[in-house]
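Throughout, read-outs are computed from the coordinates displayed, never taken from laboratory work. These numbers were taken from a predicted model, which means no experiment stands behind them. Backbone-built Cβ (ideal geometry, glycine too); neighbour counts: all protein chains shown.
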Amino acid sequence: MKIHSVFDKAFKRYGQVLEGYDFTKLLQTLIDSSPKPEGDFVYVATDSKLEALPVAKELQNRGFGGLPIQIGYCNGTNGTLNCLEYHRNSEINIAADDSILLLAHQADLEDYTLYTEKVEAFLLPAGTGVELFATTLHYAPCGAGEDQGFRVMIVLPRGTNGEKPVGLKNIGEDRLCMGCNKWLLAHEEAPEVSQGAFVGLIGKRIDLKAE
């Protein structure tokens, strides 16, 4: 699978590289205070240590136009495409380690399914922040090298990925909703299927280690 860079023209369909921020203290705090599990990954939606840093207010105002935000992280090891998700808003990713993002576009959905051949890979270098547009399908990052883990900060409007709203029906897009502001498609081989995730990724299950 070809791995592009987030600095390549091909990334413009999915997002933009952030400029003019100083992420130094944010990245060091993440590295010093958060785990990087081996053989798995962990997602934490909100971390008070990260949110207390001055750059958090800048991300809120510049990145989200003043909306209340949460800053968390996704850390660990991963090389497989199990799921893709989207929100009703952009998401900011800031990498502490070289990471690979597996991305697709919402416009390529057909009846709430996506062929995995539509997925593209992008290298997100350590120290770089990107905005992923609301129309970009994404999920857990992957390590950029064999057995190399990743630490990526995730910035979203506050409440995202929280409790699933009540009253949804098992029809249409409602089938994809797995949490607050979270719509998810799983591959049939993904462990998320046992948690009730909608099987919407069709085709080869991407494994970067096998590519």
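Using a cut-off of 13 Å between beta-carbons, work out the net charge of the residues near Asp108 (Lys and Arg +1, Asp and Glu -1, Asp108 not included).
Numbers: positive: Arg13, Lys118; negative: Glu110, Asp111, Glu117, Glu120.
Charge balance near Asp108 sits at -2.
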If one computes the Cα centroid of the stretch 171-211 and of the stretch 1-42, what distance in Å separates the two points?
22
For Cys177, what residues show an amide H to amide H distance below 5 Å, using hydrogens built from the backbone and excluding near sequence neighbours?
Leu184
Nearest-20 debye value, the stretch 3-210 charge dipole, Cβ charges on Lys, Arg, Asp, Glu
500
Out of the chymotrypsin sites (Phe, Trp or Tyr not before Pro) in the stretch 11-56, which ones are loop residues according to DSSP with at most 16 other C-beta atoms within 10 Å?
Tyr21
Starting at the first residue of the stretch 108-125, write each ³J(HN,Hα) from the Karplus equation 6.51 cos²θ - 1.76 cosθ + 1.60 with θ = phi - 60°, in whole Hz, x for Gly and Pro.
8, 5, 10, 6, 6, 10, 9, 7, 5, 5, 7, 7, 10, 10, 9, 7, 10, x
Measuring from label point to label point, each 7 Å out along Cα→Cβ, what is the Lys49 to Gln16 span in nm?
3.2
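Greater than 26 Å separation of Cα atoms is the criterion. Which listed pairs, Lys12/Lys182; Lys12/Lys118; Lys49/Lys209; Lys25/Lys164, meet it? Kindly include the intermediate steps, with their values, before the conclusion.
Working: Lys12/Lys182 23 Å; Lys12/Lys118 16 Å; Lys49/Lys209 33 Å; Lys25/Lys164 33 Å.
Where the Cα-Cα span goes over 26 Å, the pairs concerned are Lys49/Lys209; Lys25/Lys164.
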Just grab the label-to-label distance for Arg88 and Asp40, each label 7 Å out from Cα along the Cβ direction, in nm (one decimal).
3.3
Label selected from (1) 0.94; (2) 1.01; (3) 1.22, the criterion being Rg/Rh (Cα atoms, Kirkwood Rh) as computed here:
(1)
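Hey, can you rank 193-205, 105-117 by average C-beta count inside 10 Å, highest first?
Working: 193-205: 16.0, 105-117: 13.9.
Taking the mean over residues of other Cβ atoms within 10 Å, the ranking is 193-205, 105-117.
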